[in-house]
Each structure stands twice: as C-alpha cells, then as structure tokens.
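To start, the structure under review is shown below, and the notes come after it.
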Amino acid sequence: MEEMSGQVLNGDFELVQRALAGDEAAAGTIRSEARTAQLERILVSRGGSVSEAKDVVADLWADCFGSSGGKALLAKFNGRGSLEAFLTRVAVNRLIDFKRHQRFQAAPPGGEDGGGMDDLPSGEGEQEGVGEDGLVEVLRGALARAFESSDPETLVMLQLVGVHGINQERVAEVWGWSQSKVSRQLGSLTSELREKTLEEVKKLDPWLEIQWEDFVSLCRSCSDFLTIGGESD
Amino acid sequence: MTSDDISLKVISRFLEDFEPEAQAHSATAVQPPLEDKIARLVRGELPEDERQVLCHDVLRNREAMKLLVEMLKGS
C-alpha cells in the first residue's frame with residue numbers, strides 16, 4: 001500500500017481508476033459473475049430475498065459506472081478499504097433503504113417478495129451524504145442504545161483499556177479493585193454490549209440478519225468510506 | 001491485542017465519525033472542579049458515588065476523557 005496526498009492507494013484503487021478511464025477489462029473484472037454472485041449471497045444472508053438481492057446488485061453495477069445517468073459511484077471509492085468492503089457497504093445500505101421504504105408504504109403490491117423493486121432508492125444516501133445513510137443509522141442507533149443502557153463506570157474502563165491502551169493493572173489501581181475483577185467486568189460488559197447491540201438492530205430492522213463480526217466489519221467500512229457522499233464532488 | 005479490543009477500536013472510531021450533531025459529545029475545556037475530580041480518580045482517592053458521576057461526565061466530554069488518559073499515562 002502506498003500513501004499519497006492523504007489517500008491510500010492499493011490494487012483495488014488502481015483497478016477502479018482504470019475502469020473509470022474506460023478500460024473494459026478492468027470494468028469486467030470489477031463486475032465479474034463471481035463478484036455479482038457474492039454480493040447477492042451477502043444480501044440474501046442479511047435478510048433480502050433473492051429477487052431483491054438481484055435487483056439491488058443490478059442497480060449497483062449500473063450506478064458504479066454511471067450508466068444510469070448520474071456520476072459513477074465508483075468515483076467515490078477512495079482506496080482506504082477493499083473494493084469488496086465498499087461494494088458490500090453500498091449494497092447493504094441500499095437494501096436497508098429499500099426495506100425501510102417498503103415498510104412505510106401502505107399495502108405494497110403483491111408478489112413473492114411483497115413488492116416490486118421499482119421504488120428502490122438508487123443510492124440517494126450516497127449522493128446526499130452520510131446523513132441520509134440508512135446503514136449508518138442502524139449501526140449508530142443500535143450502538144447508542146446498547147451503550148446508554150450500560151454501566152458508565154465500566155464503559156469508561158473499557159475505553160481506557162480497549163481504545164487508549166491503559167493496562168488493566170493501572171485501571172485496577174485507580175478503582176481500588178483487583179485486576180481479576182476489572183478483567184471480569186470488562187469481559188462481561190463486552191459480551192453484554194454485543195448482545196444488546198444485536199438486539200437493538202433487530203428492534204430497528206427486524207428483517208436484518210447480522211452477526212457481531214458483520215456488524216464490526218460494516219462499522220469499519222463506514223469509517224473507511226466516510227466521504228462516500230463527497231469524494232468525487 | 002484481542003479481537004474484542006479491535007472491535008472496540010473500530011466501534012469507537014465509527015461512533016466518533018458518525019456522531020449525530022444534535023448529540024455530539026461536548027469537547028469544551030475541562031473546568032477546574034472536573035479536573036480535580038479526574039486527578040483524585042487517578043490517585044485512587046475518589047469515593048464510589050463520586051466515581052459514578054464522574055464516569056458519566058467523562059463519557060459525555062471528549063476533553064475530559066483525553067485528560068483522564070493523559071493523567072493515567074503520565075502518572
């Protein structure tokens with residue numbers, strides 16, 4: 001990986017640049033059958049139907065190369081994470097937007113999936129900025145509720161140890177606890193936060209199937225592609 | 001670093017990156033009474049009831065967390 005002008009360049013970034021410059025082979029590599037199938041599988045595993053997954057991915061490819069009239073979505077790929085993470089993040093976001101849109105619509109037309117994909121939001125969130133991002137909303141909302149209902153003292157300890165690198169021995173000294181008590185408290189809070197966060201996701205979007213590892217991975221890709229709404233503007 | 005630590009770092013970064021403006025944690029300068037309580041905590045002199053209140057405040061003020069970390073690292 002090479003760092004240049006604040007942007008991390010990697011193989012995926014170069015591939016995307018070549019595709020955007022009109023290199024058909026590069027574009028073909030990006031929207032390969034294998035990648036299409038992989039994205040569809042991810043969406044189905046997150047709770048989308050097969051037809052929703054196919055429609056989301058088909059729209060995603062069209063927008064990636066600007067063939068639906070707007071700016072090419074791939075121009076927003078900054079190379080700070082993998083292309084796979086970027087595409088997964090956008091696809092899951094669109095599925096969430098669609099499902100929410102569908103939920104708020106009265107009596108959607110019939111069909112095996114409860115409605116057609118004509119109303120699929122085509123990346124408005126990405127165009128308008130992170131404030132409109134359904135995926136961020138779900139992740140942030142679930143975390144905020146899980147944190148709110150947790151013990152503030154242990155949350156401070158958790159941040160000191162996990163984020164700021166203060167060792168447990170020092171924390172134990174300050175709190176006047178044994179190190180094993182600090183360790184138990186932290187372990188128990190971490191498990192509690194996982195459970196609560198996933199429970200909150202279910203409350204916010206009951207259809208969304210997500211494991212803790214997926215949750216963390218989506219958080220990471222949201223941060224990596226923070227400027228998704230403004231990178232190419 | 002354990003996978004829990006990595007997850008926590010990722011989540012903390014996410015929350016900082018996407019903190020809603022309306023709920024943004026205050027980053028105002030730490031006032032002397034708060035600074036004093038943080039110093040007492042670091043010295044292990046803060047009673048449990050005051051510690052609970054302080055932790056609540058620290059979670060809502062990024063500067064206070066920063067000061068706590070600095071004091072812990074410096075002591």
(Q) Just want the ordering: A:F86, A:F13, from fewest to most Cβ atoms lying within 10 Å of their own Cβ. (A) A:F13, A:F86
**Q.** Cα-based helix-to-principal-axis angle, B:48-59 vs chain B, degrees rounded to 10
**A.** 40 degrees
Q.
Need the C-alpha centroid separation for the range B:30-75 versus the range A:41-101, integer Å.
A. 44 Å
Q) Going through the range A:13-76, which trypsin sites (Lys or Arg not before Pro) have at most 16 other Cβ atoms within 10 Å and a DSSP loop state? A) A:K71
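All of the numbers you see were taken from the coordinates with simple rules; none came from a lab. Keep in mind that this is a model prediction, so the values were computed, not measured. Reconstructed Cβ throughout: ideal geometry from the backbone, glycine too, with neighbour counts over all protein chains shown.
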